[in-house]
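> Below is one structure. I have some questions about it.
Laboratory data are not the source of any read-out in this text; all were calculated from the coordinates shown. Model, not experiment: these values are computed from the prediction. Using ideal geometry, Cβ is built from the backbone for each residue, glycine included, and neighbour counts are taken over all protein chains shown.
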Amino acid sequence: MSRLAVDPEALRNGGVNIRATVDLAVDICNQLFIAADTNRGAGGTGEIGEKFDSGYRPGEEQALKFLRLLQKSLGETGSRTITTAGVFRETDEDANAAVPP
């Protein structure tokens, strides 16, 4: 009989390290937020700055909105995957303990 097995520790620490992947993605997003904020006003002031902002700002706003959503989604998905694996293991252990060998 084949069995499905989930190893929550492996999800946390091995193979594809979900937590480290999430942390890396969040760090990249934070660096992009800082870069966008640091370069605010890069087009200067006056007519040239206004023209620059009129073309740049809408894209910047959409990109930052996407990054915020990405951070939230990655964090929630990673946490839920690890939690689900833990629940699966507990349920499997409880079921195995309830059935005599």
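> When the Kirkwood radius is taken over all Cα pairs of the chain, what Stokes-Einstein diffusion coefficient follows at 37 °C and 0.692 mPa s, in µm²/s? Could you put the intermediate results ahead of the total?
Working: Rh = 17.2 Å.
Result for D is 191 µm²/s.
> By how many degrees, 0 to 90 and rounded to 10, does the Cα axis of helix 46-98 deviate from the longest principal axis of the chain?
10
> Pop a pseudo-label 7 angstrom from the Cα along the beta-carbon direction at both L24 and T83 and give the gap in nm to one decimal.
Rounded to a tenth, the inter-label distance reads 2.5 nm.
> I've got another one for you. Would you calculate a helix-derived [θ] at 222 nm for the chain, using -39,500 (n - 2.57) for each DSSP H run of n ≥ 4 and dividing by the full residue count, to the nearest 500?
Using -39500 (n - 2.57) per qualifying helix, the result is -28500 deg cm²/dmol.
> Using a basic spin-label model with each label point 7 Å from the Cα along Cα→Cβ, how many nm lie between F33 and K72?
1.3
> Another question, if that's okay. What residue among N39, Q62, N96 has its Cα farthest toward the positive end of the dipole of the chain, where the charges are +1 on Lys, Arg and -1 on Asp, Glu, each on the Cβ?
Q62
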